[in-house]
Structures are given as structure tokens and as C-alpha cells.
1. If I go through region 35-57 residue by residue, how many of them are hydroxyl-bearing (S, T, Y) and surrounded by 12 or more Cβ atoms within 10 Å (Cβ to Cβ)?
2. Scan region 85-108 for residues that are touching a helix residue (DSSP H, G or I) at 6+ places or on another chain (Cβ under 8 Å) and in a helix (DSSP H, G or I) and report the count.
3. Enumerate the pairs (first residue in region 91-110 and over 17 Å from R167 (Cα atoms); second residue anywhere and assigned to a helix (DSSP H, G or I)) with beta-carbon separation below 8 Å, excluding pairs fewer than 6 apart on the same chain, so at least 6 apart or on different chains.
4. Go through region 14-63 and report how many residues are in a loop (DSSP other than H, G, I, E, B) and more than 17 Å from S4 (Cα to Cα).
5. Could you say whether any residue in region 58-70 is out of contact with any helix residue (DSSP H, G or I) (no Cβ under 7 Å at 6 or more places or on another chain), on the phi < 0 side of the Ramachandran plot, outside the structural domain of R10 (by TED's automatic domain parsing) and surrounded by 10 or more Cβ atoms within 10 Å (Cβ to Cβ)?
6. With the structure loaded, tell me whether G144 is more than 23 Å from D107 (Cα to Cα) and either among the basic types (K, R) or at pLDDT 85 or above (or both) or whether it fails that test.
7. Cβ-Cβ under 7 Å, sequence separation 6+ or interchain: first residue in region 13-33 and in contact (Cβ under 8 Å) with a residue 60 or more places away in the chain, partner surrounded by 13 or more Cβ atoms within 10 Å (Cβ to Cβ) and of a type in the set (A, V, I, L, M, F, W, C). Which pairs?
Amino acid sequence: MAESNPVKLRRQLVENYDSLIRHLSRRLGSSEFAYEALHEAFVRLERVPDSTEVQQPADYIFRAAVNIANNRRKAGRYRVSASEIDAELTVPDEAPSPAQIAEAKSDFEAFERALMALPERCRLVVRMISLDGKSAQEAANDLGISVRTLSNDYRRALEHCAKSIGRPLVSRLGRPRTRC
């Protein structure tokens with residue numbers, strides 16, 4: 001009566017254990033990795049069906065352990081450590097705090113009040129340049145005034161608004177400059 005594959009492979013593993021560990025350690029570069037791979041191969045050998053023809057049991061075991069080790073290395077490249085996961089999950093909350101929201105709302109309301117205190121043409125100049133993104137020439141043409149008059153109105157309007165809300169004035173006439 002012929003031995004079943006699991007019995008034949010187990011017997012071969014026991015008989016050649018030291019030799020298999022030596023060969024695997026050389027092949028894999030680590031005796032610890034060789035022990036792990038051979039242990040997992042032993043567990044898997046129990047599932048080899050008798051319909052599978054195993055002519056060289058020692059070679060079969062060795063190849064199974066090498067394949068297991070290679071699969072573990074591949075899987076290890078795709079796994080991330082717990083610290084890497086924590087680092088990815090620790091995303092700083094860039095949303096403004098309730099205090100920042102309240103301050104911004106207060107500043108905006110103060111700006112609106114300051115803007116409403118300006119003459120209508122000054123309000124239009126600020127809207128056209130700052131909100132609509134028009135150039136000084138386009139805004140001046142739309143309002144039927146010179147670019148110099150528009151520039152003076154814009155500067156005065158921004159100075160008034162900055163002073164009203166207690167902020168320093170940072171102004172540029174026209175569209176934002178492109179950087180090279």
C-alpha cells in the first residue's frame with residue numbers, strides 16, 4: 001500500500017529537517033525566515049491531495065518553503081506599519097476654529113460697514129477691481145473716468161476700509177501679478 005502525500009511529505013520533512021533549514025537559510029539569507037517558511041510549509045503539506053504526484057518530496061518541500069518566503073516578501077512590500085497608518089490618519093484639521101470663524105465674520109461685517117460709508121463710485125471701483133477682477137483700464141472705461149482717477153478712488157477706498165477695521169493696508173491695482 002502506497003503512502004499518502006501528507007504522510008510521505010511529513011516523513012521527508014522530519015528526516016531532512018536540518019538539511020532543509022541550512023539550504024533555506026542560505027537561499028533566503030536568514031535562518032529565522034527559513035524556520036518561519038518551513039513551518040508554514042509543514043502546515044500546508046497536510047493539504048496536498050493524493051492526486052498530486054510528488055516524486056521528489058524533499059525538493060517539493062524546499063520549493064514550497066521558498067514560494068512561501070517569496071510571497072511573504074511581496075506582501076511585506078504592500079503592508080504598512082502601525083506607525084505609518086497612524087501618521088496617515090493624523091491629518092491636521094485645517095478648518096477654522098469657532099473663534100476664527102467669529103473673528104472673520106466680525107471683520108467682514110466691519111469691512112461691509114466701512115465700504116457702505118464710501119461714496120457709490122468708490123464702492124464700484126473696489127467691486128470691479130477686487131471682486132470682478134477687472135483691470136484698471138477696463139474699470140475706468142466702464143465708469144467713464146481716467147485710470148488715474150480710478151487709482152486714487154481705489155487707494156482712498158482701501159485706506160478708509162483698512163483704517164475702519166484696524167488692519168494694515170496692502171494694495172495692488174489690477175489683477176494679481178504672475179510669478180515667473
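The values are calculated or read from the model by the stated rules, or taken from the named source; none is laboratory data. This one's a predicted model, so the numbers in the text were calculated from it and none came from an experiment. Every residue, glycine among them, receives a Cβ derived from its backbone with ideal geometry; neighbour counts consider all protein chains shown.
1. Start the filter on region 35-57 by keeping residues that are hydroxyl-bearing (S, T, Y), which leaves 35, 51-52.
Okay, now just the ones that are also surrounded by 12 or more Cβ atoms within 10 Å (Cβ to Cβ), so 35.
Final tally of qualifying residues: 1.
2. Looking only at region 85-108, we keep the residues that are touching a helix residue (DSSP H, G or I) at 6+ places or on another chain (Cβ under 8 Å), and these are 96, 107.
Remaining after also requiring in a helix (DSSP H, G or I): 107.
Count: 1.
3. P96/A104
4. First, pick out the residues of region 14-63 that are in a loop (DSSP other than H, G, I, E, B): 16, 29-30, 46-56.
Subset that is more than 17 Å from S4 (Cα to Cα): 16, 29-30.
Number of matching residues: 3.
5. The answer is no; no qualifying residue exists.
6. Working: more than 23 Å from D107 (Cα to Cα): yes; either among the basic types (K, R) or at pLDDT 85 or above (or both): yes.
Judged against the criteria, G144 is a match.
7. none
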